[in-house]
1. Given the criteria surrounded by fewer than 18 Cβ atoms within 10 Å (Cβ to Cβ), among the aromatic types (Phe, Trp, Tyr) and under 30 Å from Asp514 (Cα atoms), does Tyr467 qualify?
2. Of the residues in the stretch 484-503, how many are under 14 Å from Tyr536 (Cα atoms) and either touching a strand residue (DSSP E or B) at 6+ places or on another chain (Cβ under 6 Å) or open to solvent by 60 Å² or more (accessible area, probe 1.4 Å) (or both)?
3. Which one of these is farther than 20 Å from Ser360 by Cα, open to solvent by 40 Å² or more (accessible area, probe 1.4 Å) and in contact with a helix residue (DSSP H, G or I) (Cβ under 6 Å, 6 or more places away or on another chain): Phe304, Phe287, Phe342?
4. From the list Leu205, Leu190, Leu232, Leu165, which residue is more than 25 Å from Ile140 (Cβ to Cβ) and touching a strand residue (DSSP E or B) at 6+ places or on another chain (Cβ under 7 Å)?
5. Within the stretch 307-339, restricting attention to residues that are open to solvent by less than 80 Å² (accessible area, probe 1.4 Å) and not aliphatic (A, V, I, L, M), which residue is farthest from Glu429 (Cα to Cα)?
6. State which residue pairs qualify: first residue in contact (Cβ under 8 Å) with a residue 60 or more places away in the chain and inside the stretch 91-107, second residue in a helix (DSSP H, G or I) and among the hydroxyl-bearing types (Ser, Thr, Tyr) in any location, beta carbons under 7 Å apart, and separation of 6 or more residues or different chains.
7. Name the pairs: first residue in the stretch 335-347 and within 20 Å of Val322 (Cα to Cα), second residue at pLDDT below 80 and polar (S, T, N, Q), Cβ to Cβ under 7 Å, at least 6 apart or on different chains?
8. Just the residues that are open to solvent by 60 Å² or more (accessible area, probe 1.4 Å) and touching a strand residue (DSSP E or B) at 6+ places or on another chain (Cβ under 9 Å), please, taken from the stretch 99-113.
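The values are calculated or read from the model by the stated rules, or taken from the named source; none is laboratory data. Just so it is clear, the structure is predicted and the values come from calculations on it, not from any experiment. Here the Cβ positions follow ideal geometry from the backbone for every residue, glycine too, while neighbour counts run over all protein chains shown. What goes into the accessible areas is simple: the full protein's heavy atoms, side chains included, and nothing from ligands, DNA or RNA. Shrake-Rupley method; radii C 1.70, N 1.55, O 1.52, S 1.80 Å.
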Amino acid sequence: MKKLFITILSLLCCLAPQAIAQEKVDSDSIIRHLQAQLQEIQLRDIMLSEQLERSGQAQRSDSLRKSQLKARIDSLRQITAGASLVIDGDTLLKLYARKGGMLAEDRIEGIKKQILSLGKRLTFFTDSCYVFEGEFYSDIMVGTDVVMSISDEDGLWENCTRKELAERYRNVIEKKIQEIHDEYGLQQKLTGLLTVALILIGQWLIFKLTLWLYRRWRIRLLRMLLRRAKPLNIKEYEALNIHQLGVVFLVTFRILLIVVILMQLIVTIPLVFSAFPETEAFAYTIFGYIWNPVKNIFGAVLGFMPNLFQIIIIILCFRYLVKGIRYVMNEIGNGNLKINGFYADWAQPTFVIVRVLCYSFMFVMIWPLLPSSNSEVFQGVSVFIGVIVSLGSSSIVGNVMAGMVMTYMRPFRIGDFIRFGDTEGFVIEKTVLVTRIRTRKNDVITIPNSNLLTSQTSNYTVAAQNYGIVVHTKVTIGYDMYWKDIRQLLINAAKATPGIKATPAPFVMVTALDDFYVEYEINAYTSKSETLPVIYSTLRQNILDNFHEAGVEIMSPHIFAHRNDLELQIPKHQQTKN
């Protein structure tokens, strides 16, 4: 009320001169006017009091809210990591608070894009970076672009005011934009273009020098090679003559030229792209495509070295083991070393089997040491090859097993004269798959071992050496001839045959008494299996000669008749002798 009274008095003092000047005005109107002004003053005083009261409450509420917010921030400071602004490995600042519905991470991402965009412009002036103060935010500006907005809450997180934090961040952002501009600015672009030009000129000069050296030394080196080189011979086969060696040299030299040029390009292309910061990462990518495989290969080779030494030791051990076994088997095969129950002809096949077993065991030991042996691809390929081999080699395996069985059954050896079905001949070759026989007509017949194992074979050589082969042939003579005379003639013919053994002595058997003739069979022993057909032929010739000289017809008459009017069935010169 005191304030109201003072206000009224001051108003009256102001209006007194007017009232004196207008003393002629009606007193009622003055009173109404004064009353209206007094009401207006009272209304303004009430509104001002209410406004002052609200302002005091707002200030107290705002102070209380800030205190509560700071206490809450202090409690969250230990557990909130915040979002860091990192550019080129340099941490510039860290934000914790939201901006509306935008998370701190999203704010950082936007600030980073703005800094990189401004720094990569061709021009940048440091005085264009400033802080614009708003009612609720302090904006860090670069020209007309807003880089970052800072709120009071951001200041509370950093224990400072909004203006202080904005000024601190402005200096950091200005410095970083200047650093990026120094790397991506107009001066750097001009320097990069000059560098690219120098690199291209240098590569062009190196390319010209490479071609000049290639043309200069190609013919010279070729002439030196042709003067000193000799044909490449493998035993008696000429693999490469002088002309072919020259062609190989020219092709190799050209391939070397291409490799050198490619190596130059491999170095030049990354250098060209590295001249500009925008393409520098691409240059490293291209260089990585080339360098990473090379590095991986060398790394794999170095990592494989311990296993390689183990493999070499395993191979050397098995190699000398096989050599020792070969020496022992050769001694057995040559007859220098004898083992009861182990024949000399078993030595070579047994060595082959033992060698296969040794190499198989060696392969099993080496397999886990090979690179990528445990990979699924490696295992899948090995299984696929095994399935293909097993499906396609059933007959081969059968022949191999038959060859092994026959080796230790010893039905025949190389050089033996055998009979297989209707085939007779000498065994000239025995392998794990087939056996080859040479007939007397010099036809070479190849027989699978599985067929020989499942069929009957006759070995004349073994029989001749151990028991003697019985050579036999039959003749039919009429009943009019005395059987003792016939027997003697046959025995004489057998004794006169070369290759027939005297002991046991030849003998004759009467094998049949047919209606019209008697069948005689001469049997004699021989140990000459290799000349058996010749012995048969000679024996039959001697029988003919002996019977003809004795006047005996070798015929089978079907009727009984006197021979008065019939000619003897004997050669004319034999009849004259008789």
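1. Details: surrounded by fewer than 18 Cβ atoms within 10 Å (Cβ to Cβ): yes; among the aromatic types (Phe, Trp, Tyr): yes; under 30 Å from Asp514 (Cα atoms): no.
Spelling it out, it is not the case that Tyr467 is surrounded by fewer than 18 Cβ atoms within 10 Å (Cβ to Cβ), among the aromatic types (Phe, Trp, Tyr) and under 30 Å from Asp514 (Cα atoms).
2. Qualifying residue count, the stretch 484-503: 8.
3. Numbers: Phe304 fails: in contact with a helix residue (DSSP H, G or I) (Cβ under 6 Å, 6 or more places away or on another chain); Phe342 fails: in contact with a helix residue (DSSP H, G or I) (Cβ under 6 Å, 6 or more places away or on another chain).
Answer to the check: Phe287.
4. Leu232
5. In this case the residue turns out to be Asn307.
6. Short answer, once both residue conditions are applied: Leu93/Tyr169.
7. Final answer for the pair search is Trp346/Thr407.
8. Scanning the stretch 99-113 gives Lys99, Leu103, Glu105, Asp106, Glu109, Lys112.
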